[in-house]
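All remarks here apply to the structure that follows.
The values are calculated or read from the model by the stated rules, or taken from the named source; none is laboratory data. Predicted, not measured: the structure shown is a model, and the values here were computed from it. Note that we place each Cβ from the backbone using ideal geometry, even for glycine, and neighbour counts take in every protein chain shown. Surface accessibility is based on the protein's heavy atoms, side chains included, excluding ligands, DNA and RNA. Shrake-Rupley method; radii C 1.70, N 1.55, O 1.52, S 1.80 Å.
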Amino acid sequence: MVEDRQVTPEDVLEVARRRRPLCDDVEVDDPMTADEVLTAFEARMEQRLDLGVVNRALNVFLEPKNPFEPERRRKPKMETVIFGMLFALVGAAFLFFNLAAPRMQVYP
């Protein structure tokens, strides 16, 4: 029987240098194939709704999602509201001064 002992960082480095297995061979009752592992991994990732490029982009503009209230809508961050209002004000001023400008008539 193998004696249980704590594995130290030095043990791990020594095993990595000599390219030996860290643990003894372990018998597995129900081995899984790579396809089964991939299927289980993909199923697990589909349950994680907080991952993804769209959610990362939304995190820039919206408050963090509350894990205790997942159905609740997220509020925009204060910076997003301020910059949005400034952008809307500049856009409105641009449109106002361009549309309200007197039209020059050119006679042939």
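The fraction of accessible area contributed by carbon and sulfur in the chain is 63 percent, rounded to a whole number (1.4 Å probe; ligands and nucleic acids excluded).
From helices alone, the chain scores -16500 deg cm²/dmol at 222 nm; the rule is -39500 (n - 2.57) for each run of n ≥ 4 DSSP H residues, then divide by the residue total.
Pairs of Cα atoms in the range 56-108 fall into 5 Å distance bins, from 0 up to the last occupied one, in shares of 4, 17, 13, 14, 11, 9, 8, 7, 6, 5, 3, 2, 1, 1, 0 percent. Only protein heavy atoms count here; under a 1.4 Å probe, residue 79 has an accessible surface of about 100 Å². Entry comment: accessible area of the chain is 104 Å² per residue, from protein heavy atoms only and a probe of 1.4 Å. Potential lengthening of the chain between residue 36 and residue 89 amounts to 13.5 nm, from the contour at 0.36 nm per residue minus the alpha-carbon distance.
Membrane-span-like helices of the chain, defined as complete DSSP H segments with a Cα extent of 18 Å or more along the helix axis and a mean Kyte hydropathy of at least 0.5, are identified as 78-99. Among 84, 28, 9, whose Cα sits farthest toward the positive end of the charge dipole of the chain (+1 at Cβ of Lys/Arg, -1 at Cβ of Asp/Glu, about the Cα centre)? Toward the positive end, the furthest listed residue is 84. Using every pair of distinct Cα positions in the chain, the Kirkwood expression returns a hydrodynamic radius of 21.9 angstrom. Note on the chain: dipole from Cβ charges, positive end direction compared against 53, 64, 99; the farthest Cα belongs to 99.
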